[in-house]
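> Sharing a structure, written as C-alpha cells. Questions coming.
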Amino acid sequence: MKFRQTETSQISAAKSGFSTATGYRLEQDQRLPSQKRVSRDRRRPDPLIAVWDAEIVPMMKAAPGLRPIAIFEEMLRRHPDLGDGVRRTMERRIRGWRAINGPDQEVIFRQVHEPGLMGLSDFTDMGDLAIRIAGQPLDHLFYHFRLAYCGFEHVHVVLGGESYVALAEGLQNALWALGGVPREHRSDSLSAAFRNLDAVAVQDLTERYEALCAHYGMTPTRNNKGIAHENGSIESPNGHLKNAVEDAVLLRGSRDFDTLASYRLFVGEIASRRNARISKRIDVERAVLQALPARRTADFEEILIHVTSSSSFTLRKVLYTVPSRLIGHRLRVRLFDDRLDLFIGGTPLMTLARGRPHLDRKHGHVIDYRHIIHSLRCKPMALLNLVYRDQLFPRQAYARTFDALLVVQTPRIACKIMVELLALAHERACEAELAGYLAADLEAGRLPDLKALQERFKPDSSTVPNIVVKLTPLSDYDELGTIMMGLEVTAQPDQRSSGALITGKAEELCLRGAA
C-alpha cells in the first residue's frame with residue numbers, strides 16, 4: 001500500500017512480491033487477515049451439554065477442592081453413556097472454569113536470602129534406595145543440612161528415626177565441617193526439636209534443642225505446621241540429593257557395601273562434589289558466619305541402667321548382653337544414633353552397636369556370644385529354649401549347623417556340640433574360618449566333627465618358643481648388701497681404686513640379677 005501511493009496496482013504488486021490479482025484484492029479490502037476471521041460453530045455436539053450446568057458446576061461450587069478425575073468418575077457412575085473419551089474435554093473445561101470462577105489460591109512469596117542468616121535441617125527417607133550392608137538391607141534416613149544462600153550441603157546417614165540424638169550429631173557435624181555458624185536454624189515440626197503441642201513456638205521448644213541452639217548462638221525457627229513449601233530451600237534439594245545418590249549407585253554398579261563406614265564415605269563424597277561446584281558462593285557466605293564455640297556440645301542421651309543376672313540390660317525395647325563381671329552393677333550409657341558407649345562411674349568400658357525394636361513391636365536383641373559362652377558351657381541345655389537363641393549365633397552357618405544337629409542328634413547332644421563349637425570360635429579367635437568349615441560340612445551333607453575341628457584349631461606347639469629363665473642365687477643378693485655396707489663405712493675419698501673395684505662388683509651382681 002506504500003508503493004501504491006506512487007505506482008500503479010500492477011507495479012506495486014510486483015515490487016511487493018505479490019501477483020496482480022492479490023494486489024487488486026488487498027486494494028479493495030484493506031483489513032488484516034486476523035480481522036477477517038469468522039468464528040466457527042461447533043463441528044460436533046457438546047458431549048457435556050446435559051451435565052455441565054446441571055451437575056458439574058454445582059459440584060465444583062459445593063466442593064472447590066474436588067479433583068477433576070473424581071468429578072469425571074462420578075459423572076461416569078451417574079451417566080455410563082458418557083464414555084471415557086470425554087475425560088480430557090471435561091478436565092480442560094473444569095480448568096478453564098476454575099480460572100474464571102474458582103477461589104483464590106495461596107500465593108508463594110519468593111525470598112531474598114542473606115548470607116550467613118539461615119541454615120536448614122531436614123530428614124528424608126532413603127528406603128527406596130535398597131542399600132545393603134554385607135548383604136543385609138539397610139533401613140536408614142538421611143539427615144540433610146543446607147545453607148539457604150550458598151547451597152552448602154552436609155549429609156549424615158541416620159540408622160534410627162528422627163531423634164534428637166540424630167539431629168544433634170548431624171547438625172554439629174555440618175557446622176564443624178562448614179567452619180562457622182548461621183544466625184538462624186530452620187526446621188519443620190521435628191519431634192526431635194519440638195513437642196508439637198502448644199500453639200506458641202517458644203513454649204514448644206524442647207529443652208535440649210533450645211540448649212543446643214544456644215550453645216552455637218543460633219535462633220531456632222520452624223515453618224508453619226503442614227506448609228512444606230516454607231522450607232523449600234531444603235525440601236526441593238532433598239529430591240535432588242536422592243537423585244544424585246541414585247545416579248551414583250547406578251554408576252557404581254552395585255548397591256552392596258562391605259561396611260556402614262564405606263557407605264557413609266560414599267555419601268560424603270557425593271555431597272563434597274556437589275559443594276565443590278559452588279565453592280565460590282560458599283566462601284562468600286563462610287566469611288560472614290558466626291564463629292564456632294570452643295567445643296562441641298553433647299550429641300547423646302545419658303541413661304543409667306542396671307545389669308541383670310542374665311548378664312544383660314534392656315534399653316528402648318532392645319536387649320543387650322555385656323560381660324558377666326558387670327552383673328549387679330549400675331552403668332552409665334551414652335546413647336548415640338548408631339552405638340552405645342558404656343561407662344562405670346567415669347571409666348569407659350566398651351562400645352556396643354545400637355539395636356532397634358522390630359516393626360511388630362517385639363523387643364530387639366544385640367547379643368555377643370563371647371559375653372556368656374563361659375556360663376553356657378556349664379549349662380549347654382539352656383541353649384535349646386534361649387529367648388535370644390537366633391541372635392546368639394554370630395553367623396548364619398552356626399544357626400544352620402544347630403538346626404542340622406537337632407534333626408539328627410538328641411537335644412542334649414546337639415546343644416553340647418553347638419556350645420563347644422561356639423567356645424572354640426571364641427577361644428581360638430577363628431569365628432569366620434570355623435564358619436567356613438561348618439558351611440562346607442553342611443553343603444557336603446554331613447555333620448561337623450567336633451574333635452576334628454578342635455584338633456584343627458588347637459595351638460601349634462612348634463611355634464611356641466622354649467624360654468629358659470636362669471635365676472640368680474639369693475646368696476648373691478646377700479653379698480651385694482655386704483659389699484655396699486662395706487663401701488659406705490670403710491671407703492675413703494682417696495681410695496679410688498678400691499671404690500671402683502667394689503662398684504664394679506655391685507654392677508656385675510645387679511646385671512646378673514636382672515638377667
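> Gain in length, Lys61 to Arg395, computed as 0.36 nm per residue apart minus the alpha-carbon separation, to one decimal in nm? It would help to have the intermediate numbers written out before the result.
Numbers: separation 334, 0.36 × 334 = 120.24 nm, distance 6.44 nm.
The Lys61-Arg395 span can extend by a further 113.8 nm.
> On the principal axes of its Cα set, how long, how wide and how thick is region 52-100? Give whole Å, largest value first.
28, 19, 17
> Continuing with this model, one more query. Do the sum for the chain: with -39,500 (n - 2.57) for every DSSP H run of n ≥ 4, divided by all residues, what is the mean residue ellipticity at 222 nm, to the nearest 500 deg cm²/dmol? Spell out each step's value before the answer.
Working: 19 runs with 220 residues, N = 515.
That calculation yields -13000 deg cm²/dmol at 222 nm.
> Let me ask something else. Looking at the P(r) of region 23-91, how many percent of alpha-carbon pairs lie beyond 13 Å?
On the way: 1708 of 2346 pairs.
Result: 73 percent of Cα pairs exceed 13 Å.
> List the relative contact order of the chain as a percent without decimals, with contacts defined as Cα pairs under 8 Å and 6+ residues apart.
In percent, rounded to a whole number, it is 9.
> Identify the GluC sites (Glu not before Pro) of region 41-121 meeting these criteria: DSSP loop state and at most 11 other C-beta atoms within 10 Å of the C-beta. Please list the in-between numbers first.
On the way: sites: Glu55, Glu73, Glu74, Glu91, Glu106; in loops: Glu106.
Answer in residue order: Glu106.
> Here are labelled values, (i) 23.3, 71; (ii) 40.9, 152; (iii) 24.0, 78, and one is the computed Rg and Dmax of the Cα atoms in Å for what I pasted. Which one?
(ii)
> Taking region 432-476 as the region of interest, what is the percent of Cα-Cα pairs per 5 angstrom bin, listed from the shortest bin to the one with the maximum distance?
All Cα pairs, binned at 5 Å, distribute as 5, 16, 16, 13, 9, 8, 7, 6, 5, 5, 5, 3, 2, 1 percent.
Every read-out reported here was derived from the displayed coordinates using simple, explicitly stated rules and does not represent laboratory data. On a predicted model such as this, the values are computed, not experimentally measured, just so you know. No Cβ is skipped: glycine too gets one built from the backbone with ideal geometry, and neighbour counts run over all protein chains shown.
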